[in-house]
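The values are calculated or read from the model by the stated rules, or taken from the named source; none is laboratory data. Here the structure is a predicted model, which is why all the values come from computation and not from measurement. Neighbour counts are summed over all protein chains in view; Cβ atoms, including those assigned to glycine, are modelled from backbone coordinates with ideal geometry. Side chains are part of the model used for accessible areas, which takes the heavy atoms of the whole protein and leaves out ligands, DNA and RNA. Shrake-Rupley method; radii C 1.70, N 1.55, O 1.52, S 1.80 Å.
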Amino acid sequence: MGTMTGSNNLQSLKYSSGDKPTLAVLDQLLIPHEKKYIDIPDVEAAWGVIRSMQIRGAPLIAIVALLGLAVDLNSNAKTIGELDAIKDDGDALMKFIETKLDYLSTSRPTAVNLFNAIAELKGVLQNAKAKFNGEGTIRGCLCKAVVQHTEFMLERDVQDNRHIGKFGAEEILKGKEGKVTIMTICNTGSLATAGYGTALGVARALQEMDKLESIIALETRPYNQGSRLTAFEIVEEKMPGGTLICDSAAGAMMRTKKIDAVVVGADRCCANGDTANKIGTYNVSVVAAGHGVPVYVASPFTTLDVSLTNGDGITIEERPSNELISSAKAPPSINCWNPAFDVTPAKFIAGIITEKGVILPEADGSFDVPAFV
Ligand code: MRU
């Protein structure tokens, strides 16, 4: 495997495989004005770009965390020195790697992809350790397992997104003649994933089928992922009818124009279908219900969390006041409440679009969401 990037010219990351892998990520805080990649030499740098939101989006957070670990273990001189000191003690090596994974898990709390990815990798490592047959070193075996699994994750994400796009497009087109108009919030495209995107992937699939009339992007206050990132993807990909509106115009648009569906991404889908996504998703879902517009959640299995029966148990990240103050141009001393996500109750969701098909609600409006593994 050589250099791996996103599936099109919007590359959220540049990863180069081999004995000494390297990783660079696109600084999304600079988009749309500048395309600058940041080198990620270790887990600390991966943690930093996740926490600062220089990279963001549930799938990408998990991928950058684990690729950061793969680079750290195999290419970082300081870490290699620490591994040398551990020698070939399997338990100590496992502890060393797991400590780095636990540290990465403290970067951002809401998107479950990171936690699912960490749990999955820990399982892969336990397995590799148990099956180690004495050929080579246990250190080589574990470091290789990290790289192999992480590269598998990177490829799986793009494939899953393509399937989500196809299933979502087919679902939205059911019973419809002609082209459709989609409304979306936040950024769920190539920049939020390893490539193609989830909710924006559905719009992309409709575009490929020549069935997309128009894509409406909500600005997505206060970080403006809609106006900075989704609008950028729409322009770069020449998506038809691309239109940016401010968040508070969603209801007015639904009242005056034909919106066929709202398609949003997810940061965590609970067992009953309650879904955490970017702040403002709940508002849009209530407005959509008032206008009979179906709301679909595009969610790979990596975003499912059946350990939570409903959305009340989701930890919602609160970002610092200064981020809202600077975005809103507010007086610096104003008190702020700045949640990064909200929870949309299952009753407002028409379907959860996964890579394995669309999950539809039960008669009572709740979902029977399957487990990630
Ligand atoms: O705070 P962000 O930008 O990481 O939030 C991103 C979202 O809420 C996305 O809708 C979600 O992660 C899905 S991305 C495919």
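What is the helix-to-structure angle for 281-290, meaning the angle in degrees between its Cα long axis and the longest Cα principal axis of the chain, kept from 0 to 90 and rounded to the nearest 10?
It works out to around 30 degrees.
Taking the Cα centre as origin and putting +1 on Lys and Arg beta-carbons and -1 on Asp and Glu beta-carbons, what dipole magnitude results for the stretch 10-56, to the nearest 20 debye?
The dipole magnitude comes to about 180 debye.
Extending each Cα 7 Å along its Cβ direction at Thr315 and Asp89, get the distance between those two points in nm, one decimal.
Inter-label distance under the simple model: 3.0 nm.
What are the radius of gyration and Dmax of the stretch 65-215, computed over its Cα atoms and given in Å?
My reading of the Cα-based Rg and Dmax gives 20.3, 66 Å.
If eta is 0.890 mPa s and T is 25 °C, what Stokes-Einstein diffusion coefficient results for the stretch 180-235, Kirkwood Rh from Cα pairs, in µm²/s?
Estimated via Stokes-Einstein, D reaches 224 µm²/s.
Roughly how many Å is it from the Cα centre of the stretch 292-337 to that of the stretch 113-178, as a whole number?
Using only Cα atoms, the two centres lie 25 Å from each other.
If we sort 333-340, 195-202 on the protection proxy, mean other Cβ atoms within 10 Å, highest first, what's the order?
195-202, 333-340
Could you compute the net charge surrounding Asp27? Neighbours are other residues with a C-beta less than 13 Å from the C-beta of Asp27; K and R count +1, D and E count -1.
Value of the local net charge: +3.
How long is the gain from Glu82 to Val306 if the chain were fully straight, where each residue apart is worth 0.36 nm and the alpha carbon distance is subtracted?
76.9 nm
Say the cut-off is 18 Å between C-alpha atoms; which of Lys122/Lys356; Lys20/Lys122; Lys20/Lys95; Lys14/Lys36; Lys238/Lys278 go over it?
The answer is Lys122/Lys356; Lys20/Lys122; Lys20/Lys95; Lys238/Lys278.
May I have the convex hull volume per residue, in Å³, for the Cα set of the stretch 264-373?
115 Å³
If we count every other residue with Cβ under 11 angstrom of Ile86's Cβ, Lys/Arg +1 and Asp/Glu -1, where does the sum land?
-2
If you fit an axis through the alpha-carbon atoms of helix 138-173 and take the longest principal axis of the Cα set of the chain, what angle between them do you get, 0 to 90°, nearest 10?
The answer is roughly 10 degrees.
At 0.36 nm per residue, and after removing the present C-alpha to C-alpha distance, how many nm does the segment from Ser105 to Glu177 gain when stretched out fully?
Full extension of this stretch gives 21.3 nm more.
Reported to two decimal places, what Rg/Rh ratio describes the stretch 308-370 when computed on Cα atoms with Rh from the Kirkwood expression?
Rg/Rh: 1.18.
Report the relative contact order of the chain, percent, no decimals, based on alpha-carbon pairs under 8 angstrom and at least 6 residues apart.
Relative contact order, the chain: 16 percent.
Using a 7 Å offset from Cα along Cα-Cβ at Ala330, what residues in the stretch 234-278 end up with backbone N under 15 Å from the label point?
none
To make sure I understand the rule: partners must be lysines, Cα under 19 Å from the Cα of Lys176, and not fewer than 8 residues away in the same chain. Which ones qualify?
In chain and number order, the partners are Lys166, Lys211, Lys257, Lys258.
Sort 345-355, 239-249, 82-92 for me by packing, meaning the mean count of neighbouring Cβ atoms within 10 Å per residue, highest on top.
Those peptides, ordered most packed to least, come out 345-355, 239-249, 82-92.
Taking only the C-alpha atoms, wrap a convex hull around the chain and report its volume per residue in Å³ as a whole number.
142 Å³
Could you give the size of the charge dipole of the chain about its Cα centre, using +1 on the Cβ of each K and R and -1 on the Cβ of each D and E, expressed in debye and rounded to the nearest 20?
640 debye
Add -39500 (n - 2.57) for each DSSP H run of 4 or more in the chain, then divide by its residues: what number comes out at 222 nm, to the nearest 500 deg cm²/dmol?
Only helices count here, giving -13000 deg cm²/dmol.
How large is the dipole of the stretch 85-239 about the Cα centre if only Lys and Arg carry +1 and Asp and Glu carry -1, each at its Cβ, rounded to the nearest 20 debye?
Dipole about the Cα centre, nearest 20: 220 debye.
How long is the gain from Ala363 to Glu135 if the chain were fully straight, where each residue apart is worth 0.36 nm and the alpha carbon distance is subtracted?
The span from Ala363 to Glu135 would gain 76.5 nm if fully extended.
Over all distinct Cα pairs, what is the inverse of the mean 1/r for the stretch 1-115, reported as the Kirkwood hydrodynamic radius in Å?
For the stretch 1-115, the Kirkwood estimate is 14.7 Å.
Report the accessible area of His291, computed with a 1.4 Å probe over the heavy atoms of all protein chains in place, in Å² rounded to the nearest 10.
80 Å²
How many times 2.2 N^0.38 Å is the alpha carbon radius of gyration of the stretch 191-329?
The value comes to 1.07.
Any idea what the relative contact order of the stretch 10-164 is, in percent, if you count C-alpha pairs under 8 Å spaced at least 6 apart?
Worked out over the stretch 10-164, it gives 21 percent.
Hey, rough spin-label estimate for Ile245 and Glu208, points 7 angstrom out along Cα→Cβ, what's it come to in nanometres?
Modelled inter-label distance: 2.8 nm.
Net charge around Cys141, counting only other residues with Cβ within less than 11 Å of its Cβ (Lys, Arg = +1; Asp, Glu = -1)?
Combined, the nearby Lys, Arg, Asp and Glu give +2.
How far is helix 90-104 tilted, in degrees, relative to the longest principal axis of the Cα atoms in the chain, given as a value from 0 to 90 rounded to the nearest 10?
30 degrees
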